[in-house]
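Everything on this sheet refers to the single structure shown next.
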Amino acid sequence: MNQTRNIQLINEFPLLESLIDLKPLSWFNPKVTSYAEALPYVGLTALDVQEASKRLLRFAPFFCQAFPETQQSNGIIESPLQTIPAMQAALSDYYQTSLPGRMMIKLDSQLPISGSIKARGGIYEVLQHAEKLAISAGLLSLDDDYSKINSAQFRAFFSQYKIAVGSTGNLGLSIGIIGASLGFQVSVHMSADARQWKKDRLRSHGVNVIEYESDYSIAVEHGREEALQDPFCHFVDDENSTSLFLGYAVAGERLKQQFIEQDIIVDAEHPLFVYLPCGVGGGPGGVAFGLKLAFGDHVHCIFAEPTHSPCMLLGVYTGLHDQISVQDLGIDNITAADGLAVGRASGFIGKAMERMLDGYITLTDADMYQLLGLVHDTEQLKLEPSALAGMPGIMHVVTNSDYLERMQLSDSLANATHLVWATGGGMVPEAEMTAYLQQAKH
Ligand SMILES: *Cc1c(COP(=O)(O)O)cnc(C)c1O
């Protein structure tokens with residue numbers, strides 16, 4: 001910790017004081033711009049996302065065979081979207097404030113294969129890598145029926161190659177399950193906070209799990225090193241990967257289709273607010289990009305982080321991006337929210353996406369547990385703590401008149417849709433879920 005720099009920073013950025021005091025808060029970025037102005041900074045386009053979408057379609061026949069639970073969606077890995085009126089009423093009581101508009105939830109906790117948002121980006125990157133290898137080897141062409149990949153021949157081919165990744169749990173789970181099913185040798189470098197059941201699950205798939213006593217950044221560093229030393233090893237770089245980003249971004253067009261099917265309008269008079277739990281930033285960043293491509297200026301994205309790990313808020317608010325960590329300010333980066341225990345944000349995501357993101361909120365672990373209990377009791381949904389991070393977002397938005405007026409949103413609040421992105425929980429064992437619900441009663 002550099003005391004002099006911190007004092008200067010706090011003088012320049014007064015909100016840091018509350019951040020250091022671990023107070024739940026919100027910050028709405030005054031420098032947010034229109035979608036059109038922000039787009040050039042991303043460095044990726046609608047075309048890139050379309051390509052990702054087509055790649056996932058090519059693999060659909062493979063998924064139908066290798067993961068029969070995807071047959072009902074024709075091999076497409078997608079999650080349900082639903083309204084949560086009972087939770088909305090309970091939340092209004094919880095915060096003692098009226099919450100106009102329609103509250104909905106996007107249940108990435110129910111994504112097939114790995115039960116979290118990582119089933120979007122993580123799986124996509126492995127598919128892209130596998131496709132490239134198989135095409136270069138002359139085993140596959142773009143117009144083949146990809147169900148042929150689910151075979152001993154392909155598994156033998158992929159078993160010459162390795163994939164390495166650093167993870168707090170869920171990314172490792174996604175990469176490990178899909179990688180092992182294709183035949184790759186997978187190493188997952190797990191940070192200290194990763195749950196035992198996730199390590200056990202991966203080992204049962206034949207994945208090499210390497211455990212560290214330190215946090216996420218160190219686990220990632222070791223994964224990167226392993227891959228650098230081995231030309232046959234592909235490193236999934238959670239901090240910088242455009243492939244992960246594009247896999248997440250496909251969610252935008254999928255959501256747009258789901259809104260059409262459910263007769264829900266998103267336009268200038270019917271704004272959409274989306275609350276995305278943020279760890280290193282790739283998941284929420286990629287999804288937010290996809291949402292902007294799908295809905296333009298009518299969607300307002302807000303990132304949500306634990307009070308103990310507010311790395312993206314810190315990086316964007318100070319403009320220092322990955323040049324500062326929460327630990328630099330004496331914040332410990334210890335939270336029960338798997339996937340969100342990240343002290344240093346991705347510089348790529350912060351710089352690419354900051355102009356497209358309306359704001360950032362933080363919440364305590366205690367709040368996550370309370371909300372986990374509330375959504376279980378009111379909507380019978382089973383989520384892991386991190387999946388609740390976006391839940392307070394609606395309260396922060398509807399009570400912030402400065403933000404609403406600046407964005408000219410005050411008059412359309414009654415017509416707004418507020419979507420909480422519930423990023424995980426589908427694979428949590430029964431006993432763990434019971435323990436979470438016990439926590440909620442405290
Ligand atoms: C990974 C993860 C996130 C956040 O994704 P990042 O890409 O790390 O920002 C949110 N929720 C859950 C459950 C996750 O596993």
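Quick note: the coordinates plus some simple rules give every number you see, no bench work behind them. Fair warning: this is a prediction, and the values are worked out from it, not measured in the lab. Cβ: placed from backbone, ideal geometry, glycine included. Neighbour counts: every protein chain shown.
Based on C-alpha coordinates, I'd like the Rg and Dmax of segment 372-442, in Å.
That works out to 15.6, 47 Å for Rg and Dmax.
Can you tell me the orientation of helix 430-440 relative to the chain, as the angle in degrees between its alpha-carbon axis and the longest Cα principal axis, to the nearest 10?
Between the helix axis and the principal axis of the chain, the angle is about 10 degrees.
Taking the inverse of the average 1/r across all pairs of different Cα atoms in segment 152-213, what Kirkwood radius in Å do you get? Walk me through the numbers on the way to the answer.
Working: mean 1/r = 0.0881 Å⁻¹.
Hydrodynamic radius (Kirkwood, Cα pairs) of segment 152-213 is 11.3 Å.
On a straight-distance basis, which lysines could pair with residue 162 in a cross-link, Cα separation under 30 angstrom, same-chain partners fewer than 8 positions away excluded?
Cross-link targets: 54, 118, 132, 148, 198, 199.
How much length is gained on full extension from residue 69 to residue 5, taking 0.36 nm per residue of separation minus their Cα-Cα distance?
Full extension from residue 69 to residue 5 adds 17.8 nm.
For helix 170-182, report the angle its Cα long axis makes with the longest principal axis of the Cα atoms of the chain; keep it between 0 and 90° and round to the nearest 10°.
20
Net charge near residue 198, counting Lys/Arg +1 and Asp/Glu -1 over other residues with Cβ under 12 Å of its Cβ?
In short, -1.
Please list, in chain and number order, the residues 5+ apart from residue 343 or on another chain whose amide H is under 5 Å from its amide H, with Hs placed from the backbone.
Correct list: 217.
From Cα pairs below 8 angstrom and at least 6 apart in sequence, can you work out the relative contact order of the chain, rounded to a whole percent?
Taking the mean separation of contacting Cα pairs over the length of the chain, I get 21 percent.
Just from the alpha-carbon atoms, what are the Rg and Dmax of segment 117-238 in angstroms?
Here Rg and the maximum Cα pair distance are 14.2, 46 Å.
For 377, 365, 237, 143, what's the fewest-to-most ordering of other Cβ within 10 Å of each Cβ?
143, 377, 365, 237
Can you list residues whose amide H is under 5 Å from residue 116's amide H, if they're 5+ apart or on another chain and H is modeled 1.01 Å from N?
Under 5 Å from the amide H of residue 116 lie the amide H atoms of 111, each far enough along the sequence or on another chain.
Using DSSP loop states and a limit of at most 13 other Cβ atoms within 10 Å to flag GluC sites (Glu not before Pro), what is the longest stretch of the chain containing no flagged site? Mind showing how you got there, number by number?
Numbers: sites that count: 213, 269.
No qualifying site falls inside 1-212, the longest such stretch.
I'd like to know which of 117, 91, 136 lies farthest towards the positive end of the charge dipole of segment 43-141, counting +1 on Cβ of Lys and Arg and -1 on Cβ of Asp and Glu.
Of 117, 91, 136, it is 136.
For each of 243, 412, 167, count neighbouring Cβ atoms within 10 Å of the residue's Cβ, then give the residues from fewest to most.
Fewest-to-most ranking of 243, 412, 167: 412, 243, 167.
By counting other Cβ atoms within 10 Å of each Cβ, how are 364, 45, 423 ranked from fewest to most?
So the ranking, lowest neighbour count to highest, is 45, 364, 423.
On a 0 to 90° scale, report how tilted helix 251-261 is relative to the longest principal axis of the chain, with both axes built from alpha carbons and the result rounded to the nearest 10.
70
Could you work out the percent of alpha carbon pairs in the chain separated by over 42 Å, rounded to a whole number?
Roughly 10 percent, once rounded to a whole number.
About its Cα centre, what dipole magnitude does segment 117-238 give when the only charges are +1 on Lys and Arg Cβ and -1 on Asp and Glu Cβ, stated in debye to the nearest 20? Could the numbers behind the result be given before it?
Details: 12 positive and 16 negative charges, 89 e Å.
Taking the Cα centre of segment 117-238 as origin, the dipole is about 420 debye.
For n ≥ 4 DSSP H runs only, could you compute -39500 (n - 2.57) per run for the chain, divide by its residues and tell me the 222 nm figure to the nearest 500?
-13500 deg cm²/dmol
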